[in-house]
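One structure is given below, encoded as C-alpha cells.
Every number here is computed from the coordinates shown, using simple stated rules; none is lab data. As the structure is a computational prediction, the values presented were derived from the model and not from experiment. Cβ placement follows ideal geometry from the backbone for every residue including glycine, while neighbour counts extend to all protein chains displayed.
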Amino acid sequence: MGYSFSKDCGKVIMYSDLFKDLSLFKDFNTAQCNVVRPLFLPRHEPAGTVIFEQGDPAQYLYIVVEGEINIRFKPDDGPAIIVARVRREGVVGWSAALGSPAYTSAAICTTECQMLRVSSQDLRQLCEQDPETATLLLERLAAVIAERLRNTHHHIIALLEQGLRIRMHKSVMTG
C-alpha cells in the first residue's frame, strides 16, 4: 500500500513498515499480514481532535502508532473523568470489536496522533473469512485491552479515594 504518515518535523512512517514494527502484528506470517493489512487504514489527527464521543455508534477500532489519546468517561451522576491515557500500540474504540452498539467512553487526542483504524464490519468479515488470522488478531487485541483494564482499575481507585478525601475534608471544614 502506498499510505504513509507524515509529521511536521518531516518524519515519515511508511504504512507497510508498521506491521513489522507493531508488536500486535508480531509473528503474523506473510499471508496473515496480507489479509490484515488492507483492513487497517492510517489516520493522522492533530492534538485536541475528538476521535469519538461517549454514546457515538461504535464503528471503528484504533491502534495508536504515535501520540497519546485520553479516554474520558462521564458517569450519569458526576463529571467526566480521564480513565486512561493510551500511547503507542494501545487500542481505543474496542467497543467496535466487542460488537457494542455505542462507545462507552470518549477518546481525545492529547497530542498529534498517528493511528491505524479498522471498521467493526471488516473485523466481522475477517472472522468469517479467515478464522485463524482473526483469532490471532483478537487474542493480541485482548491482551492489550486486558493490560489497559488492569491499569485503569488502579487509576479509578485513586480517583475514588481522592474524591472521598475531598468530601471528608469538606465535611470536617463545615463540621
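Compute the length gained on full extension between Glu89 and Ser119: take 0.36 nm times their separation in residues and subtract their Cα-Cα distance, giving the result in nm to one decimal. Don't skip to the answer; put the middle values down first.
Numbers: separation 30, 0.36 × 30 = 10.80 nm, distance 1.74 nm.
Working it through step by step, the gained length comes to 9.1 nm.
Remark: region 90-105, residue by residue, has Karplus-estimated 3J(HN,Hα) of x, 10, 10, x, 6, 4, 5, 6, 7, x, 5, x, 9, 5, 8, 8 Hz, where x stands for each Gly or Pro and the curve is 6.51 cos²θ - 1.76 cosθ + 1.60 at θ = phi - 60°.
Amide H contacts of Thr111: Gly48, Glu68, each under 5 Å away and 5 or more positions distant or on a separate chain (H built 1.01 Å from N in the peptide plane; Pro and chain starts excluded).
Can you tell me which of 99-108, 22-31 comes out highest on packing, and rank the rest after it, using the mean Cβ neighbours within 10 Å?
Numbers: 99-108: 16.9, 22-31: 13.6.
Going from most to least packed, we get 99-108, 22-31.
For Asp130, no residue whose modelled amide H falls within less than 5 Å of its own remains once neighbours fewer than 5 places apart on the same chain are excluded.
Once the C-beta distance of Thr111 and Asn29 is scaled by a Förster radius of 25 Å, the resulting FRET efficiency is 0.15 to the nearest 0.05. Less than 5 angstrom separates the built amide H of Arg88 from those of Gly67, all sequence-distant by 5 or more or on a different chain.
What's the local net charge at Pro131, with K and R +1, D and E -1, over the other residues with C-beta under 13 Å away? Write out the running numbers ahead of the final one.
On the way: positive: Arg124; negative: Glu128, Asp130, Glu132, Glu139.
Computed value for this residue: -3.
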